[in-house]
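Down below is the structure, laid out as structure tokens.
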Amino acid sequence: MCNVIFLNQETKKLYNDLNSGRGLYNSDEKITVLNESNFKSSVYGTKNAWLVEFYNSWCGFCHRFAPIWRTLATDISAWQDVVTIGAVDCANDDNNPLCREYEIMYYPMLKFFPSDSKVGFLGNEVEKGKTVDSIRTSIVELLRKEQTAGRGASWPNLTPYRSNDVKNLWKNVPTNVQFIFLIFEDTDSLTGMEVILDLQVIKSIQIRYVTNENEALVKLMGVSMFPSIVALESNMSVTPLKTSDSSRLSFRKVIKTFLKARSIDVPKEETVVDPGEWSNIKPPDLVAIMAAGEEEKKALEIKAMGDVVFQADLEKTVMYALQHEISVHKSISGNALTALQNYLSILCKYLPIGPHGVTFLKKLRDKVYEAIEIKGEMFSSYMKELENEVGTPFSISSSQDWIGCKGSEGTFRGFPCGTWSTFHTLIVNSVLQKGDEKQFDSLEVLEAMLGYITHFFGCQDCSKHFQSMASESMRSSVFEPNDGIMWLWKAHNKVNKRLAGDASEDPLHPKIQFPSKETCPSCRRHDDTWDEEEVLKHLVKVYGKDHINQMNTASKPSLEVQASGRESHRLKEEKLGALEMKKQGTSAGNHENQRSHT
Ligand SMILES: Cc1cc2nc3c(=O)[nH]c(=O)nc-3n(C[C@H](O)[C@H](O)[C@H](O)COP(=O)(O)OP(=O)(O)OC[C@H]3O[C@@H](n4cnc5c(N)ncnc54)[C@H](O)[C@@H]3O)c2cc1C
């Protein structure tokens with residue numbers, strides 16, 4: 001199972017690179033990115049040799065090896081006229097023919113192409129080695145062999161100086177060479193060759209190495225220990241140079257210091273951080289990164305969909321409310337029981353859910369209506385029995401994640417968001433279904449929600465705030481069916497206003513006055529006041545049954561199942577949009593008297 005991870009800059013880049021087929025390297029890393037179209041023209045017939053890594057960007061070993069390859073490429077970037085470091089991503093489908101042709105049987109595979117290789121040559125496989133140093137050593141040995149075999153004529157001389165006559169050194173050097181450095185070392189040392197390659201770009205010098213076998217020259221130069229270095233000038237003066245240690249870096253430094261003192265430009269040192277042995281490097285958890293990347297991508301796509309309600313979120317909310325918020329109560333009786341009965345009643349009537357869901361909710365409601373007291377535990381077992389009897393009520397699995405209500409982190413959004421979405425859906429669909437029936441009262445729907453929030457909603461503060469908003473304005477402002485929709489919209493916006501900038505706010509989903517200008521440009525007038533008729537239309541469009549998005553549900557539930565009469569919902573929406581928003585002049589007192597709370 002993959003771990004849940006949050007993408008940081010580095011892992012996000014990795015996800016994007018893998019997803020877009022960009023591979024593990026880019027050419028600004030001193031690695032030449034090779035592919036089907038540039039491989040042959042780059043590698044064959046060149047003065048420089050090539051060392052190419054064939055890798056697969058999905059393979060963990062290749063990810064481990066990548067820091068080694070990058071470091072090596074930086075470490076020997078000054079050698080590129082002699083040997084160039086390349087990489088081919090065999091995970092990229094476009095490179096399939098190339099990787100097949102070069103017989104890449106495992107990843108990562110290193111192949112060496114000598115200078116002036118001919119088309120058709122498939123490269124010599126090179127042992128990966130464990131560290132940057134060990135691969136560099138293999139390269140130096142390969143280059144020396146190449147030159148000994150007569151190739152690499154344009155490269156600096158990588159063979160030891162065997163003569164005991166220093167005058168010969170000056171015979172074949174270009175006229176601009178001012179200094180020759182001799183590195184004296186043991187026969188098995190490669191430092192001399194490495195320094196030659198490191199500093200080959202400085203055209204006013206030449207470096208040769210001399211092994212301890214050239215005793216005559218060792219004696220002539222007065223060399224008493226290995227390794228050591230002397231600088232020669234064309235007037236035959238000899239300057240022994242002192243190094244702090246016998247490393248390649250220290251030889252490079254002493255030569256550069258000598259040259260700088262004589263006003264000769266030298267290249268800057270590259271910063272090379274050795275990653276150690278590649279087998280010790282922890283590869284990134286690609287599966288988790290890809291999963292997190294996909295999630296983030298999906299979240300952005302969902303956000304870009306604008307104001308959309310997801311069936312999966314509604315069902316998850318109801319599932320959670322029934323299985324946790326209600327079932328957690330030891331005993332439910334009195335006002336709480338009435339609240340539960342009323343809430344189940346509006347769910348049965350107005351929640352868009354498939355036929356199994358409707359049957360399930362109705363049976364559950366009937367059971368609760370029969371009771372004078374119900375224990376949470378019993379409620380829970382009865383739901384299980386019902387599920388066995390009528391089948392699973394939901395079109396989502398219990399592990400289904402939030403979609404529209406998914407927070408950018410686990411602590412944000414989720415159930416409270418789902419509860420608001422469910423409430424808006426219930427009120428809008430109650431009006432769509434029953435709005436033109438005389439006895440319909442949208443306050444009844446709001447009261448049922450209030451009852452649920454008062455007795456069951458886990459967030460106590462939320463519950464208190466909602467109750468006080470309701471007692472302040474709910475009963476005194478809801479007269480017409482649409483008033484219920486609009487009251488809930490206003491109440492929710494009040495909460496949004498209070499919570500804007502609060503620690504509970506998901507930074508990726510800031511609390512706004514809903515709907516935004518982007519999702520409903522017509523909802524605000526020029527003076528930025530609400531055009532409530534347009535807001536109503538927007539709410540109906542967002543929360544109306546027919547607009548609910550069925551993403552990730554098992555099947556599209558039959559949304560018509562609870563429709564009253566023959567009129568389609570769309571038709572009703574149109575009618576509703578045209579409904580006059582103005583109050584009918586009914587006084588609050590009269591209205592209260594006329595209400596029937598059946
Ligand atoms: C009844 C209730 C009262 C709450 N009271 C509090 C409280 O007092 N203190 C507290 O800290 N938290 C409270 N919460 C939680 C809080 O309101 C948010 O639900 C929670 O912070 C998650 O916010 P969210 O960003 O997911 O968007 P939410 O505010 O949950 O909104 C969910 C979705 O509804 C839509 N929406 C937003 N505003 C409106 C609107 N005006 N009309 C129609 N649709 C809209 C948007 O698409 C939004 O994504 C309450 C929740 C509920 C259900």
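The values are calculated or read from the model by the stated rules, or taken from the named source; none is laboratory data. The shown structure was predicted, so the numbers you read here are calculated from the model rather than taken from an experiment. Cβ coordinates were reconstructed from backbone atoms using ideal geometry, including for glycine residues, and neighbour counts include every protein chain displayed. These accessible areas exclude ligands, DNA and RNA; they are computed on the full protein's heavy atoms, side chains included. Shrake-Rupley method; radii C 1.70, N 1.55, O 1.52, S 1.80 Å.
Quick look at the numbers
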quantity: Unique residue being modelled with pLDDT of 95 or more, open to solvent by 40 Å² or more (accessible area, probe 1.4 Å) and more than 30 Å from GLN206 (Cβ to Cβ) when the list is VAL287, VAL308, VAL273; calculated: VAL308
quantity: Some residue of region 85-107 being among the charged types (D, E, K, R), free of Cβ contacts under 8 Å to residues at least 40 places away in the same chain and on the phi > 0 side of the Ramachandran plot; calculated: yes
quantity: Matching entry among PHE457, PHE466, PHE479 (being assigned to a loop (DSSP other than H, G, I, E, B), surrounded by 17 or more Cβ atoms within 10 Å (Cβ to Cβ) and within 11 Å of the ligand (Cβ to nearest atom)); calculated: PHE457
quantity: In region 93-148, the residues that are surrounded by 13 or more Cβ atoms within 10 Å (Cβ to Cβ) and of a type in the set (Ser, Thr, Tyr); calculated: TYR102, TYR107, SER115, SER117, THR131, SER134, THR137, SER138
quantity: Lone unmet requirement of (1) more than 59 Å from the chain's Cα centre (by Cα); (2) surrounded by 15 or more Cβ atoms within 10 Å (Cβ to Cβ) for ALA216; calculated: (2)
quantity: Conditions (1) within 44 Å of the chain's Cα centre (by Cα); (2) over 18 Å from ILE548 (Cβ atoms); number of the one not met by ILE332; calculated: (1)
quantity: Residue ID - farthest from the chain's Cα centre (by Cα), chosen from residues in region 486-527 that are more than 10 Å from the ligand (Cβ to nearest atom), modelled with pLDDT of 95 or more and open to solvent by less than 90 Å² (accessible area, probe 1.4 Å); calculated: TRP487
quantity: Members of region 46-65 that are within 24 Å of GLU141 (Cα to Cα) and either outside any helix (DSSP H, G or I) or small (Gly, Ala, Ser) (or both); calculated: THR46, LYS47, ASN48, ALA49, TRP50, LEU51, VAL52, GLU53, PHE54, TYR55
quantity: Residue identified as more than 23 Å from LEU286 (Cα to Cα), of a type in the set (S, T, N, Q) and without any contact (Cβ under 8 Å) to a residue 60 or more places away in the chain among SER27, SER57, SER37; calculated: SER37
quantity: Tabulated pairs, region 450-461, first on the phi < 0 side of the Ramachandran plot and at pLDDT below 95, second near the ligand (Cβ under 9 Å from one of its atoms) and open to solvent by 50 Å² or more (accessible area, probe 1.4 Å), C-beta under 8 angstrom, 6+ apart or interchain; calculated: CYS459/PRO416
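Every residue, every condition in (1) open to solvent by less than 20 Å² (accessible area, probe 1.4 Å); (2) touching a strand residue (DSSP E or B) at 6+ places or on another chain (Cβ under 7 Å), yes or no:
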| position | (1), (2) |
| --- | --- |
| ARG151 | no, no |
| TRP155 | yes, no |
| THR159 | no, no |
| ASN168 | no, no |
| THR175 | no, no |
| PHE181 | yes, yes |
| PHE184 | yes, yes |
| THR187 | no, yes |
